[in-house]
Amino acid sequence: MSRIAYPRVLGAALLLALLAGCSLAPPLPPAPSQPVLAEPATLKRQLIFERDDRRETQTLIALIRLAGSELRVALLTPYGQRLVTLVQDVGGSRYVAGDVPLAEIEQRLPPADWLAARLQWCLWPAEALREAFAGTPWRLTLSERSREIRYRDQLIARISPADSHAGTRQPVLLDDRQGQYRLRIIPLKDSP
């Protein structure tokens, strides 16, 4: 190897090592404060996950508990089997085992951080998201039809309708361009 080629090879190797340590995906978004509720609330929703690279969908029932600074989501099969519970609190986001081993769940569901953030984007009021994003590269923009979540001007997700929040009684669609998922959140009628 010539003396001229050696520094180029070494420089290219160092550049590749640096790039390998850097993720091209945006970091986790800041978690918004939960809306102030007079008392804890439990929402019943159907979640339909659609991946861009697969034709099949996955449908789950979600019992979403909003209490204080904690978000808990029990994810059930349509037949009532509890798969896992998503917990988002001061310790971060994580799945807690249900009737199915966590290793199997983690292959079937998006990461806990992803799902917690996307549920917040869909269920929290726009003002709570704006407050959380203040002073960060994350932005929320609203139009008549949708809300858009951007990171450094890159579109991450589009949510419609724009005025979605925990009390929304109509379906909500999250089109996640970063995760290549579509998530439909459909309110379920309360049992008598």
- Item | Single unsatisfied condition, Val172 versus (1) surrounded by fewer than 19 Cβ atoms within 10 Å (Cβ to Cβ); (2) without any contact (Cβ under 8 Å) to a residue 60 or more places away in the chain; (3) closer than 17 Å to Val73 by Cβ | (1)
- Item | Selection within the range 124-151 - touching a residue at least 12 places away in the same chain (Cβ under 8 Å) and out of contact with any strand residue (DSSP E or B) (no Cβ under 7 Å at 6 or more places or on another chain) | Trp124, Pro125, Ala128, Glu131, Ala132, Thr136, Leu142, Ser143, Glu144
- Item | Check on Asp89, out of contact with any Lys or Arg (no Cβ under 8 Å at 6 or more places or on another chain) and either more than 22 Å from Ile186 (Cβ to Cβ) or modelled with pLDDT of 85 or more (or both) | yes
- Give the range 51-67 a look and list any residue that's out of contact with any Ser or Thr (no Cβ under 8 Å at 6 or more places or on another chain) and open to solvent by 70 Å² or more (accessible area, probe 1.4 Å), or say none. Asp53, Arg54, Arg55, Glu56, Thr57
- Message: With the condition being small (Gly, Ala, Ser) and under 20 Å from Leu43 (Cα atoms), I'd like the helices (runs of 4 or more DSSP H) fully within the range 91-192 carrying at least 3 qualifying residues.
- Response: 112-123
- If Leu102 passes every condition in (1) under 11 Å from the mean Cα position of the chain (by Cα); (2) open to solvent by 20 Å² or more (accessible area, probe 1.4 Å); (3) of a type outside the set (Ser, Thr, Tyr) but one, which one does it miss? (1)
- Hits in the range 152-169 - residues which are touching a residue at least 24 places away in the same chain (Cβ under 8 Å), closer than 25 Å to Pro27 by Cα and either open to solvent by 50 Å² or more (accessible area, probe 1.4 Å) or under 14 Å from the mean Cα position of the chain (by Cα) (or both): Arg152, Gln154, Ile156, Ala157, Ile159, His165
- Task: Sort out which residues of the range 153-175 are modelled with pLDDT under 95 and of a type in the set (Lys, Arg), and write them in order of number.
- Result: Arg169
- Can you tell which of Leu123, Leu140, Leu188, Leu129 is within 20 Å of Thr59 (Cβ to Cβ) and crowded, with 18+ Cβ neighbours inside 10 Å? Leu123
- Message: Consider the range 57-90. How many of its residues are of a type in the set (Ser, Thr, Tyr) and part of a loop (DSSP other than H, G, I, E, B)?
- Response: 3
- Do the conditions hold for Arg118, that is, is it open to solvent by 60 Å² or more (accessible area, probe 1.4 Å), touching a residue at least 12 places away in the same chain (Cβ under 8 Å) and not hydrophobic (A, V, I, L, M, F, W, C)? no
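The values are calculated or read from the model by the stated rules, or taken from the named source; none is laboratory data. What you are looking at is a predicted structure, and each value in this text was computed from that prediction instead of being measured. Virtual Cβ from ideal backbone geometry, glycine too; neighbours counted across all protein chains shown. Calculation scope for accessible area: heavy atoms of the full protein, side chains included, ligands and nucleic acids excluded. Shrake-Rupley method; radii C 1.70, N 1.55, O 1.52, S 1.80 Å.
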